[in-house]
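A.B. asks: Following this message is one structure expressed as structure tokens.
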Amino acid sequence: MFKLKDLHIRLTSSCNMSCPHCYAADWFKDHTKLTYDEVQSIVFQAKNLGCEKVILKRFS
Ligand code: SF4
């Protein structure tokens, strides 16, 4: 069975910088932010897949 080793969650897609080479610039247009409930749901789903490590991140 598949086992998820770790999970990296970007809590927001916004960034204060405007680097010309940015690979994620298109993502910033929506300024998507995960809610607490969404993060909680993702973490519980990951736990059920065997995940033991969760890393919460933001852009830059
Ligand atoms: S995510 Fe990184 S590369 Fe993109 S604009 Fe922000 S700092 Fe620059």
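The values are calculated or read from the model by the stated rules, or taken from the named source; none is laboratory data. This one's a predicted model, so the numbers in the text were calculated from it and none came from an experiment. Virtual Cβ from ideal backbone geometry, glycine too; neighbours counted across all protein chains shown.
A.B. asks: What's the number of the only condition in (1) more than 13 Å from the ligand (Cβ to nearest atom); (2) in contact with a Ser or Thr (Cβ under 8 Å, 6 or more places away or on another chain); (3) modelled with pLDDT of 80 or more that Thr32 fails to meet?
C.D. replies: (3)
A.B. asks: Related question: Can we say Leu11 is of a type outside the set (Phe, Trp, Tyr) and more than 16 Å from the ligand (Cβ to nearest atom)?
C.D. replies: The answer is no for Leu11.
A.B. asks: Let me ask another. Which condition from (1) more than 13 Å from the ligand (Cβ to nearest atom); (2) surrounded by 12 or more Cβ atoms within 10 Å (Cβ to Cβ); (3) in a loop (DSSP other than H, G, I, E, B) is the one that Gly50 breaks?
C.D. replies: (2)
A.B. asks: Would the range 22-40 turn up any residue that is part of a strand (DSSP E or B), surrounded by 12 or more Cβ atoms within 10 Å (Cβ to Cβ), without any contact (Cβ under 8 Å) to a residue 24 or more places away in the chain and of a type outside the set (Val, Ile, Thr)? If you could, list the steps in order and put the result at the bottom.
C.D. replies: Taking the range 22-40 and keeping what is part of a strand (DSSP E or B), we get 33.
Keeping just the survivors that are surrounded by 12 or more Cβ atoms within 10 Å (Cβ to Cβ) gives 33.
Okay, now just the ones that are also without any contact (Cβ under 8 Å) to a residue 24 or more places away in the chain, so 33.
Pick out the ones that are also of a type outside the set (Val, Ile, Thr) and you get 33.
Looking for residues that are part of a strand (DSSP E or B), surrounded by 12 or more Cβ atoms within 10 Å (Cβ to Cβ), without any contact (Cβ under 8 Å) to a residue 24 or more places away in the chain and of a type outside the set (Val, Ile, Thr), one finds at least one in the range 22-40, hence yes.
A.B. asks: Of the numbered conditions (1) of a type outside the set (Ser, Thr, Tyr); (2) touching a strand residue (DSSP E or B) at 6+ places or on another chain (Cβ under 8 Å); (3) modelled with pLDDT under 95, Lys53 fails exactly one; give the number of that condition.
C.D. replies: For Lys53, the failing item is (3).
A.B. asks: Taking the range 1-17 as the search range and keeping residues that are of a type in the set (S, T, N, Q) and not in a strand (DSSP E or B), which one is farthest from Lys33 (Cα to Cα)? Step through it out loud before you land on a result.
C.D. replies: Filtering the range 1-17 for residues of a type in the set (S, T, N, Q) gives 12-14, 16.
Next, only the ones that are not in a strand (DSSP E or B) stay: 13-14, 16.
Details: Ser13: 6, Ser14: 8, Asn16: 15 Å.
Among those that are of a type in the set (S, T, N, Q) and not in a strand (DSSP E or B), it is Asn16.
A.B. asks: Test Phe2 against the criterion of being away from the ligand (no atom under 14 Å from the Cβ), of a type outside the set (Gly, Ala, Ser) and at pLDDT below 90, and give yes or no.
C.D. replies: In short, yes.
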